[in-house]
Structure formats: structure tokens, C-alpha cells
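The values are calculated or read from the model by the stated rules, or taken from the named source; none is laboratory data. Everything numeric in this text was worked out from a predicted model, so none of it was measured. Here the Cβ is made from the backbone with ideal geometry for all residues, glycine too, and neighbour counts use every protein chain on show. We work out accessible area using only protein heavy atoms, side chains counted, and drop any ligands, DNA or RNA first. Shrake-Rupley method; radii C 1.70, N 1.55, O 1.52, S 1.80 Å.
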Amino acid sequence: MSRTEALPPAIESVVFDAAEIGRTVARLAAAIASENVGEPITLLGVLKGALFFTADLARALPAELDVRIDTIAVASYGDAKQSSGEVRLLKDASESVEGKHILVVEDIVDEGLTLTYLLRLLAGRRPASLRTCVLLNKPYRRRVQIRVDHVGLTAPDSFVVGYGLDYQEKYRNLPYLARLRDDVIGGLRRE
Ligand code: IMP
């Protein structure tokens, strides 16, 4: 983003710009490639938040790796400060995960409930391996301890949008990650 470009009024500031996101995705891709868990590897992107992250991560992996892409969609309910703890499956993976090397690709881990729900669900389907890659870690309000295999960046203790993350379905299209103004945040549905 150029310095002169105006931010949307609800945006407080840019937290991570497109260049920093790009460097982070490249670093994560290199770590995933060097892990050599076995092939093929399925990137299971969690919709909608990890839409762009999954696409960029897939393209940053070495071309010689056998990479498959699938998506799963969940919703959790609550407000920006705390979720209700209820996570629902909105759309299941298209392909069976049994016997496959699955890498769950998620936008952000905050309380940890969404990823815990997904890992429980997927582990019951007997994948060959089940690992996790999260772009943003918010360690401030964990309600369940969870092991994340690959973590991109530590987010500030505030609500962030952009690069797939939304506030009431807005701002997913921003090419950077930004802090939303505190006075803007009200009730919301998180998915
Ligand atoms: P958790 O269950 O609290 O770990 O929440 C994970 C989900 O909540 C993520 O997949 C996001 O969709 C959503 N979420 C948590 N924090 C933020 C944020 O700062 N901005 C946008 N979405 C968020």
C-alpha cells in the first residue's frame, strides 16, 4: 500500500502490510516443504478467513511437491471480545481425509475453540497425519491449549481484518492486515 492511500474509515492502522504477509507465507511454505511428512499433502483451508492465505501458501510451496487443495467452512458465534464457544460445521471437506496427510490452514487462532473443534473432527477420520498452519496467533484469550505446528505472525490484542479476515463480512478484500477501530466493534458473527 502506498503511504498516501487512504484507509477505510473503520480502520485504525495497518498491522502487517502485503510485503510482510508475503514474506511470512514464504517462510511458512519453506518450513512445511522441509517437514517432509509425506506426499501428497492436502491443504485444508478453513473458509472464509483462510481463503487468500491458503491460495498464497499453495503457490509458495515448491512445484515438485504433490499438493492438493480442499476447503472446510465453520462458524463460531459471539462478539469481537468473546465467542460463545459454539462452533458449527457449515461445509465439509469435499474429499475423504482418511489415510491422507492433512495440513489445516487457518487464518487466526484466538480462544482456540475453532481449531480444537476441527482437529477433533478430522482426527476421528483417521488421516495419515494431521498438522496445522495458522497465519495469525492471538495468544491473549486462549480457552483451550492447542498445538499449532506452523505459526506466521503474532497479532495485536485487538480485532484485525483484511487478507481474508472480516468484520460483519466486510474488509476481507484488503491486501493488508489492519486493526479495526475499537468504537466500530459491536456484535458479530464470526466465520
Ligand atoms: P477461536 O475459536 O477463538 O480461536 O477463533 C478463531 C476464529 O475466530 C477465526 O477463524 C476467525 O474467523 C475468528 N476471529 C478471531 N479473532 C479474529 C479477529 O481479530 N479478526 C477476525 N476474525 C477473528
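Some points to look at:
This table checks each residue for (1) more than 16 Å from the ligand (Cβ to nearest atom); (2) at pLDDT 95 or above; (3) surrounded by fewer than 13 Cβ atoms within 10 Å (Cβ to Cβ); (4) outside any loop (DSSP other than H, G, I, E, B).
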position	(1), (2), (3), (4)
ALA6	yes, no, yes, no
SER13	no, yes, yes, yes
VAL25	yes, yes, no, yes
THR42	yes, yes, no, yes
ALA55	yes, yes, no, yes
ARG59	yes, yes, yes, yes
GLY85	no, no, no, yes
ASP107	no, yes, no, yes
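- Sole exception among (1) part of a loop (DSSP other than H, G, I, E, B); (2) open to solvent by less than 60 Å² (accessible area, probe 1.4 Å); (3) closer than 27 Å to VAL37 by Cα for GLU98, by number: (2)
- Every residue from the range 27-40 that is in a helix (DSSP H, G or I) and either within 16 Å of the ligand (Cβ to nearest atom) or surrounded by fewer than 16 Cβ atoms within 10 Å (Cβ to Cβ) (or both): ARG27, ALA30, ALA31, ALA33, SER34, GLU35
- Of the strands (runs of 3 or more DSSP E) contained entirely in the range 124-191, those carrying at least 1 residues that are in contact (Cβ under 8 Å) with a residue 40 or more places away in the chain, over 15 Å from the mean Cα position of the chain (by Cα) and more than 11 Å from the ligand (Cβ to nearest atom) fall at 129-137, 187-190.
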